[in-house]
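First up is the structure itself, then whatever we jot down about it.
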Amino acid sequence: MPTHPKPQAANAFSLLGLALWLLSLFAVAPAWAGTVVFPGEGAVGLEPPGAMTKADSFAGFQDSEEGASILIAEFPREAYAEIAPQFNAETLSARMAVTGPVQKLTLASDVEALLATGTQTQQGIAYRKWVMIAQGAEVTAMITVQLPVTSEAYTDAQIRDTLNSVRFQPRGSLEDEISRLPFTVAERADFRAVRTLAGSGLILTDGPKDVVTDASQPLVIIASSLGSNPSVGALSEDERMQLALNAMKTLTLKDVQVESTDVEPDGDVLIAGKGIDQEEREMSLRQIMRFGPAGHVRTVCMFTAEQDIAERCDRVGQAVTLKVRGAGMKAEE
């Protein structure tokens, strides 16, 4: 299946940077055009265009034959105030060639939205892209549409109609959302769950803030790979390590350095390192990547030396288990 981009951002705790990076960390049920569908029973829905069908491994839609996808991510409502000023060609250009100015839109019920369009080349494939943020009554939504430039299945007008069809509904409980993720977390190590992301990720922290825009609280981010890839189950130990090291390069910090690596007896890869955020603070990093027969899940922790959550981070990462999914993901134990 097509993968979403791996955007970089200068500030590790910028909401827009964090949002774009999280969307880089990521079998289908029918969806009927003309009907607003809310993937994963989330708060954000839309009318899927053409042959788009609801994905079962992330919050969104997919046309696998055309290599097209729509990814929906939800953030706290107040996040819009921080993301919107940064939502411009300069910020987005790190991973996307923006075409024209960012457009202001008004959706149904007077919902404010911003739309950026452009192109991106990933793994040798050129894509057309539409990225929209919108502020609902309870959440801020980020909708990313990706379509190979060679595809003629969807017109710009169709995609814009789809984006204009975005609607919001009341959110369910956070624990219900967590229960629908493609993995379980048996041990949270006293971290507090804040929010799920795009039906395939979970953000945790330690402290009272839900929106962390500085290094005042540690961040723990768990994200599963999108879709099913049986070749993952056949990776050698060296190949697993290389995949994990490549994943470290997507972190939104400067001068990321790997300090230690380890492969556990069950094949889990643990990497410890450090990096520098935009405010020139040194941040400690830990990443635990676990593998199943057809995918992987990674736990990433970012924290200051004073916060020192390394042991707790490892407890969380090693307690994450992929659920059975489609082509046979690792079953819960």
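The values are calculated or read from the model by the stated rules, or taken from the named source; none is laboratory data. Here the structure is a predicted model, which means the values were calculated and not measured. No Cβ is skipped: glycine too gets one built from the backbone with ideal geometry, and neighbour counts run over all protein chains shown.
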Quick one: in segment 285-317, of everything that is modelled with pLDDT of 95 or more and of a type in the set (S, T, N, Q), which residue is farthest from residue 246 (Cα to Cα)?
299
Kindly establish whether residue 81 is at pLDDT 90 or above and either more than 20 Å from residue 159 (Cα to Cα) or aromatic (Phe, Trp, Tyr) (or both).
yes
Going residue by residue through segment 145-159, is there one that turns out to be within 25 Å of residue 40 (Cα to Cα) and polar (S, T, N, Q)?
yes
Quick one: in segment 222-253, of everything that is of a type in the set (D, E, K, R) and modelled with pLDDT of 85 or more, which residue is nearest to residue 313 (Cα to Cα)?
240
Only one of these conditions is not met by residue 258: (1) surrounded by 19 or more Cβ atoms within 10 Å (Cβ to Cβ); (2) over 26 Å from residue 91 (Cα atoms). Which number is it?
(1)
How about segment 96-150: which of its residues are among the acidic types (Asp, Glu) and in a strand (DSSP E or B)?
112
Residue pairs within 8 Å by beta carbon, gap of at least six or interchain, first lying in segment 44-65 and surrounded by fewer than 24 Cβ atoms within 10 Å (Cβ to Cβ), second of a type in the set (Lys, Arg) and at pLDDT 90 or above, listed first then second, are 45/167
Among residues belonging to segment 211-225 that are farther than 26 Å from residue 293 by Cβ and within 17 Å of the chain's Cα centre (by Cα), point out the one that is surrounded by the most Cβ atoms within 10 Å (Cβ to Cβ).
219
Regarding segment 190-210, can at least one residue be identified that is surrounded by fewer than 16 Cβ atoms within 10 Å (Cβ to Cβ), at pLDDT below 85 and farther than 18 Å from residue 316 by Cα?
yes
For segment 176-273, which fully contained strands (runs of 3 or more DSSP E) count at least 3 residues that are over 21 Å from residue 79 (Cα atoms)?
183-185, 254-263
All conditions in (1) modelled with pLDDT of 95 or more; (2) on the phi > 0 side of the Ramachandran plot are true of residue 186 except (2)
Might you let me know whether segment 261-281 holds any residue that is within 13 Å of residue 304 (Cβ to Cβ), in the same structural domain as residue 217 (by TED's automatic domain parsing) and among the basic types (Lys, Arg)?
yes
Looking only at segment 160-180, filter to residues that are of a type in the set (A, V, I, L, M) and crowded, with 21+ Cβ neighbours inside 10 Å; which one of those is farthest from residue 69 (Cα to Cα)?
166
Given (1) modelled with pLDDT of 95 or more; (2) under 30 Å from residue 278 (Cβ atoms), identify the lone condition not met by residue 219.
(1)
Return the residues of segment 66-83 that are surrounded by fewer than 19 Cβ atoms within 10 Å (Cβ to Cβ) and either of a type in the set (A, V, I, L, M, F, W, C) or farther than 15 Å from residue 113 by Cβ (or both); say none if nothing qualifies.
66, 67, 76, 78, 81, 82
Filter segment 68-95 for residues that are assigned to a loop (DSSP other than H, G, I, E, B) and within 18 Å of the chain's Cα centre (by Cα) and give the result.
77, 87, 94, 95
Looking at segment 176-189, which of its residues are over 11 Å from residue 316 (Cβ atoms) and of a type outside the set (Lys, Arg)?
176, 177, 178, 179, 181, 182, 183, 184
Subset of segment 282-298 (residues that are more than 21 Å from residue 203 (Cβ to Cβ) and either within 20 Å of the chain's Cα centre (by Cα) or not assigned by TED's automatic domain parsing to the domain that holds residue 313 (or both))
291, 292, 294
